[in-house]
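> Take this structure first; my questions come after.
No value in this document is a laboratory result; all are computed from the given coordinates. In this text, all values refer to a predicted model and were calculated from it rather than measured experimentally. For neighbour counting, all protein chains shown are included, and Cβ atoms are generated from backbone atoms with ideal geometry for every residue, glycine included.
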Amino acid sequence: MTQPQDNPSQSNGTKDSPLQGAISVVMEARGLKKIYGRGEKSLSVLSDANLSLRRGEMVAVVAPSGAGKSTLLHLLAALDTPTSGTVYFANRAIETNDDAALAEYRNRAVGFLWQRHQLLPDFTAAENVAMPLLLRGENFTSALGTARKWLAEVGLENRADHRAGELSGGEQQRVAIARALVTGPAVLLADEPTGDLDEQNAWAVFELLERLHRTHGLTSLIATHNLVLAARCDRVLGLEHGVLQTRGAAASASMAPGGEAS
């Protein structure tokens, strides 16, 4: 991913992008199946999920709560392992990586944005954003400097030294966005990023994600139950009975504002 010279992620100590060359398909999932438990108590969440994310796309996955959206994103981010099937990043199966390579994949290749921001409340906004850089051994001063640049990107430069617990819900989610992108990932995976916000903050956060997606050359997969927000993406996929199916963005847009997936 080519970054502009003033991109905050350039100062994070990573000169090489995790995605090299002109690969058109950044991430792919083939035949993903996820079953929890065994026997009569087993629960099948994904049965045959197939996905192809092309470079630069912003794709929405729409489904009601409990349909498997979070499970899908966790598998793509290597936060969980599939019962069967394979996830590919840059044409390589991530299951072939050892533990160290998987940790690097999570830290450098993928940025993950949770519905509930998962910030450390007693740490400042800047310290929270710097955490992924610190975890990979970057100098504290350098990491904090990069974190402050990303907080400026999300409009929170004046809140950098406030503890996360002192911030509003919308501000906390902006901090979480900065944290997800501070390492300069090739792919952003967002799990219901507006689900805990009121309508006004939800729109503001989604518009911020759109802007950052464009300006930083991201490939983004956003799981949501909001059809109106999903319709603003390049493609809309539905997750039904554990299978991903293409849905028309125009059909989604015809739903009433605030419409829920059913």
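> State the extension gain, in nm to one decimal, for the chain segment bounded by ASP234 and THR246, taking 0.36 nm per residue of separation less the distance between their alpha-carbons.
Details: separation 12, 0.36 × 12 = 4.32 nm, distance 1.16 nm.
Result: 3.2 nm gained on full extension.
> Still on this structure: Compute the Cα gyration tensor for the stretch 74-205, then decide on rounded, prolate or oblate, letting a ≥ b ≥ c be the square roots of its eigenvalues: rounded whenever a/c is under 1.5, prolate when a/b is larger than b/c in the other cases, and oblate in all that remain.
oblate
> Using only Cα atoms, tell me the angle between helix 169-181 and the longest principal axis of the chain; keep it within 0 to 90° and round to the nearest 10.
The two axes meet at around 90 degrees.
> Run the helix sum for the chain: -39,500 (n - 2.57) per DSSP H stretch of 4+ residues, divided by residue count, reported at 222 nm to the nearest 500 deg cm²/dmol.
-8500 deg cm²/dmol, from helical runs alone.
> With r defined as the distance between the Cβ atoms of THR96 and GLN118 and R0 fixed at 25 Å, what FRET efficiency is calculated, to the nearest 0.05?
After rounding, the FRET efficiency stands at 0.30.
> I would also like to ask the following. If you take the square roots of the eigenvalues of the alpha-carbon gyration tensor of the stretch 38-103 and sort them as a ≥ b ≥ c, do you get rounded (a/c under 1.5), prolate (a/b over b/c) or oblate?
It comes out oblate by the Cα gyration axes.
> Under 5 Å between amide H atoms, partner at least 5 residues away or on a different chain: which partners does VAL26 have, H built in plane at 1.01 Å?
LEU53, ARG54, ARG55
> What is the percent of Cα-Cα separations in the chain that go past 23 Å?
That tail contains 51 percent of the Cα-Cα pairs.
> Mind listing which trypsin sites (Lys or Arg not before Pro) in the stretch 126-182 are in a DSSP loop and have 11 or fewer other Cβ atoms within 10 Å?
none
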